[in-house]
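The values are calculated or read from the model by the stated rules, or taken from the named source; none is laboratory data. In this text the structure is predicted, and so the values were computed from the model without any measurement. Cβ atoms come from the backbone with ideal geometry, glycine included; neighbour counts cover every protein chain shown. These accessible areas exclude ligands, DNA and RNA; they are computed on the full protein's heavy atoms, side chains included. Shrake-Rupley method; radii C 1.70, N 1.55, O 1.52, S 1.80 Å.
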Amino acid sequence: MSHQAIYRKFRPKIFDDVLGQEHVTRTLKNQILSDNIAHAYLFSGIRGTGKTSTAKIFSRAVNCLNNHDGNPCNQCEICRSILDETNMDVIEMDAASNNGVEDIRELRDKVKFLPEKSRYKVYIIDEVHMLSKGAFNALPKTLEEPPEHLLFILATTEPQKIPATILSRCQRFDLKRINSGVIVESMKTICDEIGIGYEEKALKLIAANSEGAMRDAQSILDRCLAFNDDKIDYDTVINLLGTVNYQVVLEAAGYILDRDIKNAMVIVDNILNMGKEIAFFLDELIICFRNMLIIKTTKSTENILRISEDEAEELKGASDRASVDELVGIIEALSTAQSECKRAL
């Protein structure tokens, strides 16, 4: 049997499975329960936050014959046919490869026909911002005066590229970056279900590097399983991500704050000897000092990047060793060094 990627195997099947987006899923469930369905929706947000999954769940929920509290039952004939991709009433389009005006004109001609066996004919258009100007111009009329049986669900990572004429005709839902704690708990559930051990700090490192995208975290987890199917450990994650152990980054940051050039250069030499990219190490250092600056100026760890909550506590102490101006100066110097490294490649 061929391997199925974790992000596909554990794709949400009902609204309650879509983690971190309760502000979206609750509203959609209430609309279904009250039979107050709009004719066009726009789901926007960064990659891997559940836009397409939510669209697919919604396409089943509005057509389900045995809806459960706004969720699709996934057992009735309609749900099964949509899950099996044999239902001709739910059409998925990738705007990246179907972005011409002729594609939209063809769609506009087809939407007039009634659904074969479902309540709604649903068009899911992914990465809708990639439609051509002509295609965008051909779409508003269909969105403005759609047949009662028609439902459009548009998904995009770049809503700013969508014309106002389209935005004004859609109910817009912005999906947020997913909290790292939610991602860690989800990965724990996955590991428990497939019977694999894990180190919690390894899962926290994966979550920190996913930058709020559940699919990215699951893809990294998949790579770790391919490397070592016995346990997800911290060293494996570091090696696969090509990153540097965060304690090494923090140690180097400490030497920079102390202006201890000799020991800082020893760390750089060790990193080069391990085959790590110096530009990536500089990137990690810049993020480290950026996080210090955020903690220093806001007294909060809410917007820090790529580190766990435990590591954030260590940063608080380090941030007290320098002023705001000194931290800004260090970031500028490291950014200049990073630019020079990239130019030298």
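Compared with the direct C-alpha span, the chain from Thr86 to Ser339 gains 86.0 nm at full extension, assuming 0.36 nm per residue. Taking every alpha-carbon pair within segment 101-241, the share separated by more than 19 Å comes to 62 percent.
Within segment 103-184, the GluC sites (Glu not before Pro) that combine a DSSP coil assignment with at most 16 other C-beta atoms in a 10 angstrom radius are Glu116, Glu148. Between helix 51-61 and the chain there is an angle of about 30 degrees, using the helix long axis and the longest principal axis of the Cα atoms. With a Cα-only, solvent-free Debye model of segment 4-55, what are the log10 I(q)/I(0) values at q = 0.29, 0.30 Å⁻¹? Debye curve over Cα of segment 4-55, log10 I(q)/I(0) at q = 0.29, 0.30 Å⁻¹: -1.28, -1.32. For segment 101-157, treating each Cα as an identical point scatterer without solvent, what Debye log10 I(q)/I(0) comes out at q = 0.16, 0.17 1/Å? Cα-only, vacuum Debye calculation for segment 101-157: -0.49, -0.55. For the chain, the longest principal axis of the alpha carbon atoms and the long axis of helix 246-257 meet at an angle near 50°. Sparsely packed loop sites in segment 247-287 (the GluC sites (Glu not before Pro) outside DSSP H, G, I, E and B with at most 15 other Cβ atoms within 10 Å) comprise Glu277.
Residues within the reach of a label modelled at Glu200 (point 7 angstrom out along Cα to beta-carbon, backbone nitrogen below 19 Å), restricted to segment 171-190, are 179-190. Accessible surface for segment 9-54, divided over its residues, is 43 Å² per residue with a 1.4 Å probe. What base-10 log of the normalised intensity I(q)/I(0) is obtained for the chain from the Debye formula, alpha carbons as equal point scatterers, at q = 0.06, 0.10, 0.11, 0.15 Å⁻¹? Calculated log10 I(q)/I(0) at the listed q: -0.30, -0.75, -0.86, -1.20. Once both labels are positioned 7 Å from their Cα atoms along Cα-to-Cβ, the gap between Leu33 and Lys188 label points is 2.9 nm. Could you please state, rounded to a whole Å, how far the C-alpha centre of segment 150-165 is from the C-alpha centre of segment 1-50? Each part's Cα centre sits 16 Å from the other's.
Over the chain, what percent of the accessible surface lies on carbon and sulfur atoms, probe 1.4 Å? Here it works out to 48 percent.
Calculate, for Lys110 and Asp258, the FRET efficiency according to 1/(1 + (r/R0)^6) with r their C-beta to C-beta distance and R0 45 Å; round to the nearest 0.05. Intermediate values should be presented prior to the final figure.
Working: r = 68 Å, r/R0 = 1.51.
For Lys110 and Asp258, the calculated efficiency is 0.10.
The per residue volume of the convex hull around the alpha-carbon atoms of segment 192-345 is 122 Å³. With a cut-off of 12 Å between beta carbons, the residues surrounding Arg119 carry a summed charge of -1, where Lys and Arg count +1 and Asp and Glu -1. Axis angle, to the nearest 10 degrees, between helix 214-227 and the longest C-alpha principal axis of the chain: 60 degrees.
Taking other residues whose beta carbon is less than 15 angstrom from the beta carbon of His23, and scoring Lys, Arg as +1 and Asp, Glu as -1, yields +3. Dimensions of segment 1-106 along the principal axes, based on C-alpha atoms and rounded to the nearest Å, stand at 40, 39, 31, largest first. For Ile331, the shell of other residues with beta-carbons less than 14 Å away shows a net charge of -3, using +1 for Lys and Arg and -1 for Asp and Glu.
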